[in-house]
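Below: the structure, in structure tokens.
The values are calculated or read from the model by the stated rules, or taken from the named source; none is laboratory data. Everything quoted here is computed from the prediction, not taken from an experiment. Note that we place each Cβ from the backbone using ideal geometry, even for glycine, and neighbour counts take in every protein chain shown.
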Amino acid sequence: MYHVAVIGATGAVGQKMLQVLKELDFPVGQLSAYASERSAGKVVSFNGTDVTITALSEDIIHHGIDVALFAAGGAISEQYAPLLAEHGTLVVDNSSAFRMQETIPLVVPEVNPEAVSSTNRLIANPNCSTIQSVVALAPLKHLGFERITYTTYQAVSGSGQKGIEDLARGSRGEEPVNYPHPIHDNILPHIDVFLEDGYTKEEQKMIDETRKIFNQPNLPVSATCVRVPVTNSHSVAINVTFSNETTVEAIRTALADAPGVVLVDDVSRNQYPMPLDASGTDEVYVGRIRQDQTLANTFHLWCVADNIRKGAASNAVQVARHALENGIHS
Ligand code: 2RA
């Protein structure tokens with residue numbers, strides 16, 4: 001049994017980590033919850049018990065923590081995650097701070113479990129929209145990826161509680177506070193900041209992280225990331241070109257047998273993945289599989305997953321379990 005800490009325990013992802021640690025039967029002997037000074041003394045719930053929030057400080061290295069799950073944003077991760085890892089804690093970080101550092105594994109256990117070695121104490125959790133996309137694509141890797149394009153339809157919960165509140169505000173006819181435009185009755189082709197070339201940082205994350213996870217640094221990948229007025233669960237339209245010939249049926253068969261994937265693809269019965277069905281689960285749902293009419297060896301896939309669970313909290317817990325089972329000892 002392990003002493004597990006959740007850093008950022010009052011946020012949407014931190015709260016979900018507490019829930020998922022219990023639901024996935026993670027071997028928690030002791031649970032500690034950390035957040036900013038502002039939240040110190042507040043109470044969160046773990047396995048039906050109240051846990052009082054401790055203000056995060058460098059003192060944490062003396063608290064005997066075996067496993068730390070970080071969900072407190074990049075600046076906090078940069079300050080505390082390497083420090084804890086150096087002092088023997090296994091750290092899984094949900095921020096983007098370390099994802100592209102060469103020596104730090106970026107892991108989705110169903111996709112690249114081999115990226116974790118027994119010397120890694122700091123492991124990065126990928127971006128939510130990347131996680132579900134690579135889970136959907138991994139069973140097709142043997143076909144050879146030539147090119148991938150993503151178009152995302154991302155729920156407001158990806159922005160945390162403030163995104164959910166903006167959607168509710170809009171439905172009451174009030175102005176947005178978090179987003180630059182109303183999200184109610186609207187869509188925003190804008191997630192995270194704009195970069196010099198016109199892509200957003202969210203789009204660049206999907207591009208870079210896909211290349212790193214599949215270990216194909218030069219793979220042509222492109223993305224358009226869009227915020228939609230859905231409370232929870234992201235959807236991604238994937239267009240993928242393979243080097244080898246295949247068929248829709250062969251793709252369906254590969255996905256039907258794949259870990260973490262549920263195939264929902266029977267349009268004769270209007271069966272396809274939808275956010276309402278994915279929310280509250282840890283699977284990635286894939287459907288609408290069809291051949292692209294315009295390009296050889298190219299297919300469309302539609303995938304949906306709970307962005308707070310598989311896209312963040314559940315993947316982090318699964319990564320921690322995988323690392324512990326594979327020789328990382330605290
Ligand atoms: C979003 N990718 O949906 C973010 C959350 N990590 O905005």
Within region 121-146, residues being within 16 Å of the ligand (Cβ to nearest atom) and touching a residue at least 40 places away in the same chain (Cβ under 8 Å) number 11
Can you name every residue in region 10-40 that is more than 24 Å from Val156 (Cα to Cα) and either among the hydrophobic types (A, V, I, L, M, F, W, C) or part of a strand (DSSP E or B) (or both)? Leu24, Phe26, Val28, Gly29, Gln30, Leu31, Ser32, Ala33, Tyr34, Ala40
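From the list Pro273, Pro259, which residue is away from the ligand (no atom under 16 Å from the Cβ), under 19 Å from Ile213 (Cβ atoms) and assigned to a loop (DSSP other than H, G, I, E, B)?
Numbers: Pro273 fails: under 19 Å from Ile213 (Cβ atoms).
Answer to the check: Pro259.
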Any residue at all in region 175-194 that's touching a Gly at 6+ places or on another chain (Cβ under 9 Å) and of a type in the set (Val, Ile, Thr)? yes
Is region 232-246 home to any residue that is within 14 Å of the ligand (Cβ to nearest atom) and either of a type in the set (Phe, Trp, Tyr) or in a loop (DSSP other than H, G, I, E, B) (or both)? yes
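Take the residues in region 195-225 that are outside any loop (DSSP other than H, G, I, E, B), of a type outside the set (A, V, I, L, M, F, W, C) and away from the ligand (no atom under 15 Å from the Cβ); name whichever of them is surrounded by the fewest Cβ atoms within 10 Å (Cβ to Cβ).
Across region 195-225, the extreme among qualifying residues is Ser222.
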Given (1) more than 15 Å from the ligand (Cβ to nearest atom); (2) assigned by TED's automatic domain parsing to the domain that holds Met17; (3) of a type outside the set (A, V, I, L, M), index of the condition Arg99 fails: (1)
So, in region 180-194, of the ones that are farther than 14 Å from Pro229 by Cβ and exposed (fewer than 10 other Cβ atoms within 10 Å of the Cβ), which residue ends up farthest from the ligand (Cβ to nearest atom)? Pro180
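For every residue, the table says whether it meets (1) in the same structural domain as Leu69 (by TED's automatic domain parsing); (2) modelled with pLDDT under 95; (3) surrounded by 19 or more Cβ atoms within 10 Å (Cβ to Cβ); (4) away from the ligand (no atom under 16 Å from the Cβ).
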position: Leu84; (1), (2), (3), (4): yes, no, yes, yes
position: Thr103; (1), (2), (3), (4): yes, yes, no, yes
position: Val116; (1), (2), (3), (4): yes, yes, yes, yes
position: Thr119; (1), (2), (3), (4): yes, yes, no, yes
position: Ile148; (1), (2), (3), (4): no, no, yes, yes
position: Thr152; (1), (2), (3), (4): no, no, yes, no
position: Ala155; (1), (2), (3), (4): no, no, yes, no
position: Gly158; (1), (2), (3), (4): no, no, yes, no
position: Glu174; (1), (2), (3), (4): no, no, no, yes
